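Structure first, commentary second.
The values are calculated or read from the model by the stated rules, or taken from the named source; none is laboratory data. A quick note: this is a predicted structure, and the numbers were derived from the prediction, not measured. Note that we place each Cβ from the backbone using ideal geometry, even for glycine, and neighbour counts take in every protein chain shown. Note: areas computed on protein heavy atoms with side chains; ligands, DNA, RNA excluded. Shrake-Rupley method; radii C 1.70, N 1.55, O 1.52, S 1.80 Å.
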Amino acid sequence: MGLPRFGAAKTNHSTSTPNLYVANCGPAVGLSHDTIASVFGSFGLVHGVFPADDSGARVIVCYNDATSAAAALTALHGRPCPHLAGRTLHIRYSLLRPPPAPTPSTSIQVCLSAAEANIPGLYLLLDFVTPQEEQELLAAVDARPWISLAKRRVQHYGYKFCYQTRNVDTKQHLGELPSFVAPVLEKISSFPNLNDAANVSLDQLTVNEYPPGVGLSPHIDTHSAFEGLIFSLSLAGPCLMEFRRYAQGAWFPKAGSSVDMDAENPDNSSNFSRKAIYLPPRSMLLLSEEARYAWHHYIPHHKIDMVNDNVIKRSSRRVSFTLRKVRTGPCQCEFPQYCDSQR
Ligand SMILES: O=C(O)CCC(=O)C(=O)O
Ligand SMILES: [Fe+2]
């Protein structure tokens, strides 16, 4: 396991800082940093949520002041948290350590094609839309209202996506997908490698706009929320997407059980494979099968990406169109260890 960036205080007595070390909490157990920030935000202004180490299951929540941290610690430590999937959090004050020198993302080989990445079910088609179609799609979303999240802006069509539950409310249908996305859907219907392309009938679109330096914390799109094909079209700017396959069973303790902060096996918890792929503008990524169900995907929060020996600057924004089909029954995938329907 990599050196933790932050240490937890041995006890919570006589320590008081604005930073909390929270175990049993993080993207590897299905809780995004945005969700965690929102729940801890009810105790005071959260300045940021950071990985405590590379386990994906321990985070540092940083408040602006120690009083808010104390209130959150008292309210949330050692009991199931209904707003965080019922997980029992183990919280201590965090002893901040200076972050290590940034490790350049060259430490991981960046693939330029899905074949090179060799993850079953991952496909990348370059130049999926023309530059003119790209401009039209950007103009269409820019003419519509954006919703501002903490670090990026989003739009939802078909069904609203709820960032707290990482799910959709199937009873709240916002209507058909807008006509501006029709050319993209048309091209998807003849996407190669899809056995049942005719039945794709995507009904949810999330548009994300990322400023430079903003990414997305590691996550698997909730199995029970969406069917097995997830398409993501990159527009306006490039990014690097990292994929992580965590060791089997390491991340989803049985419902109701809790992982003790000290009892976790650090060797298991950092046990994941890593791959990265470069997504140029106008490319279409498809996550299906193992790539959709078993691999976390992650956009590092970088202003520049090292794509092997080349420095690639993120442009003033990247806009992605993520197209999915909302699931109506439970997921029956072959990856129960990552599946919220089968836990
Ligand atoms: O921006 C992207 O390409 C990915 C978005 C994503 O992973 C999501 O909305 O779940
Ligand atoms: Fe995703």
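Within the stretch 129-142, identify whether any single residue is open to solvent by less than 60 Å² (accessible area, probe 1.4 Å) and in a strand (DSSP E or B), and answer yes or no. Among the residues of the stretch 129-142, not one is open to solvent by less than 60 Å² (accessible area, probe 1.4 Å) and in a strand (DSSP E or B), which makes the answer no. Scan the stretch 108-127 and give yes if some residue there is over 20 Å from LEU229 (Cα atoms), among the hydrophobic types (A, V, I, L, M, F, W, C) and open to solvent by 20 Å² or more (accessible area, probe 1.4 Å), otherwise no. Yes, the conditions are met somewhere in the stretch 108-127. Sub-8 Å Cβ pairs linking a first residue in the stretch 29-48 that is part of a loop (DSSP other than H, G, I, E, B) to a second residue that is at pLDDT 85 or above and charged (D, E, K, R), at least 6 apart or interchain, are GLY30/ARG166; GLY30/ASP340; LEU31/ARG87; SER32/ARG166; GLY44/ASP65; LEU45/ASP65, ordered by first then second residue.
Just to verify a result, which residue in the stretch 328-341, among those that are within 16 Å of the chain's Cα centre (by Cα) and open to solvent by less than 20 Å² (accessible area, probe 1.4 Å), is farthest from ligand 2 (Cβ to nearest atom)?
Going residue by residue through the stretch 328-341, those that are within 16 Å of the chain's Cα centre (by Cα) are 338-340.
Within this subset, residues satisfying the condition of being open to solvent by less than 20 Å² (accessible area, probe 1.4 Å) are 338-339.
Numbers: TYR338: 13, CYS339: 15 Å.
Result: CYS339.
Filtered by the rule that a residue be open to solvent by less than 80 Å² (accessible area, probe 1.4 Å) and under 21 Å from ASP221 (Cα atoms), the stretch 165-183 gives ARG166, ASN167, VAL168, ASP169, THR170, LEU177.
For the stretch 273-327, which strands (runs of 3 or more DSSP E) that fit wholly inside it have 1 or more residues that are free of Cβ contacts under 8 Å to residues at least 60 places away in the same chain and open to solvent by 40 Å² or more (accessible area, probe 1.4 Å)? Write out each step before concluding.
Working: elements: 284-287, 296-299, 304-307, 310-313, 318-324.
Here the list reads 304-307, 310-313.
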